[in-house]
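Student: Got a structure here, written out as structure tokens. Questions coming.
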Amino acid sequence: MTILIYFFYKKEYNKYLLHAFIGFNSILIFFVVFGSENVQISIAGLYSRTFFTPTLLAYCHYDYFSTHELLYLREHFGHWFETTVNHKNNSPYIIAATYFNDPEMSSNTGLIGSDYAQFGWASLLVFPFVRAFFLRVFDMSSFKLDARIYLISSFSFGILFINGAFFTALISGGFLAVCFLLYLMPRYTKNNE
């Protein structure tokens, strides 16, 4: 996807993006209604994984951590201070074992479930401001860069933030490293536009 964006994206295509997304979803709905059973199951699975599974996992995290001890960032930064780390005791494995009876499965959640597991309701009030700060850092580090590079980075990190915990995306997902590299890239001036 990123290669397609880099080679085929032009600034004048911005006005067509909304129409392309609407058209793509319309085609998927057409195939759900009129397609074969295998196509219907595949598309339904895509929509389920995109819209319903993250919500279910966020609810499981809420349900579990509303009656158990909160994490207080132990999974993100606490492992630096521990000598033995057992990843099977991390919240995705605990949720999988508790709700899906599969301790080998990792039920990673998105931002809402991960935030609630850290500090409860307080994190749902504070973490959006922290995320806004880091997204502003991303905007400032990519100021006046080629729109294709900005779009590729935004697309990649959008998927990363939707599907994972925030602090994991910052460090392990490479968000901070990419912000630093974008900051070091040469900027457009009037001479090279």
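Student: Quick one: what are the phi-derived ³J(HN,Hα) couplings along the stretch 101-113, Karplus 6.51/-1.76/1.60 with θ = phi - 60°, whole Hz, x for glycine and proline?
Tutor: Computed from phi, the couplings for the stretch 101-113 are 6, 9, x, 8, 7, 9, 9, 5, 10, x, 5, 5, x Hz.
Student: What do you get for chymotrypsin sites (Phe, Trp or Tyr not before Pro) in the stretch 12-73 restricted to DSSP loop and a cutoff of at most 15 other Cβ within 10 Å of the site's Cβ? Write out the running numbers ahead of the final one.
Tutor: Numbers: sites: Tyr13, Tyr16, Phe21, Phe24, Phe30, Phe31, Phe34, Tyr47, Phe51, Phe52, Tyr59, Tyr62, Tyr64, Phe65, Tyr72; in loops: Tyr72.
Here the sparse-neighbourhood loop sites are Tyr72.
Student: Might you work out the accessible area of Val33 for me, using a 1.4 Å probe with all protein chains in place, and round it to the nearest 10 Å²?
Tutor: 90 Å²
Student: For the pair Ser26 and Lys144, what calculated FRET efficiency results from E = 1/(1 + (r/R0)^6), where r is the Cβ-Cβ distance and R0 = 45 Å, to the nearest 0.05?
Tutor: 0.80
Student: For a quick check of understanding: with a 1.4 angstrom probe and all protein chains in place, what accessible area in square angstrom does Asp115 have, to the nearest ten?
Tutor: Per-residue accessible area (Asp115): approximately 0 Å².
Student: Give the accessible area for Ser123 in Å² (nearest 10); use a 1.4 Å probe, count only protein heavy atoms, and leave out ligands, DNA and RNA.
Tutor: Looks like 0 Å² after rounding.
Student: Please work out the Cα center distance from the stretch 26-55 to the stretch 122-164, rounded to the nearest Å.
Tutor: Between the Cα centre of the stretch 26-55 and that of the stretch 122-164, the gap is 28 Å.
Student: Still on this model: From the phi of every residue in the stretch 30-46, what ³J(HN,Hα) in whole Hz does the Karplus formula 6.51 cos²θ - 1.76 cosθ + 1.60 yield, where θ is phi - 60° and glycine or proline is x?
Tutor: Couplings: 4, 5, 5, 6, 10, x, 5, 5, 5, 5, 4, 5, 4, 5, 4, x, 4 Hz.
Student: Sticking with the crude label model, points 7 Å out along Cα→Cβ, report the distance from Thr67 to Val130 in nm, one decimal please.
Tutor: Label-label distance for Thr67 and Val130, simple model: 2.7 nm.
Student: Compare Phe129, Phe180, Phe134 by solvent-accessible area with a 1.4 Å probe and give them largest first, with all protein chains kept in place. Write out the running numbers ahead of the final one.
Tutor: Numbers: Phe129 155, Phe180 125, Phe134 45 Å².
Descending accessible area places them as Phe129, Phe180, Phe134.
Student: Can you work out ³J(HN,Hα) from phi for every residue in the stretch 170-180, in order, using Karplus 6.51 cos²θ - 1.76 cosθ + 1.60 and θ = phi - 60°, giving whole Hz and x for Gly and Pro?
Tutor: Running phi through 6.51 cos²θ - 1.76 cosθ + 1.60 with θ = phi - 60° gives 5, 9, 6, x, x, 4, 5, 5, 5, 4, 5 Hz.
The values are calculated or read from the model by the stated rules, or taken from the named source; none is laboratory data. Not measured: the values here are computed from a predicted model. So basically every Cβ, Gly included, is an ideal-geometry build from the backbone, and we count neighbours across all protein chains shown. We work out accessible area using only protein heavy atoms, side chains counted, and drop any ligands, DNA or RNA first. Shrake-Rupley method; radii C 1.70, N 1.55, O 1.52, S 1.80 Å.
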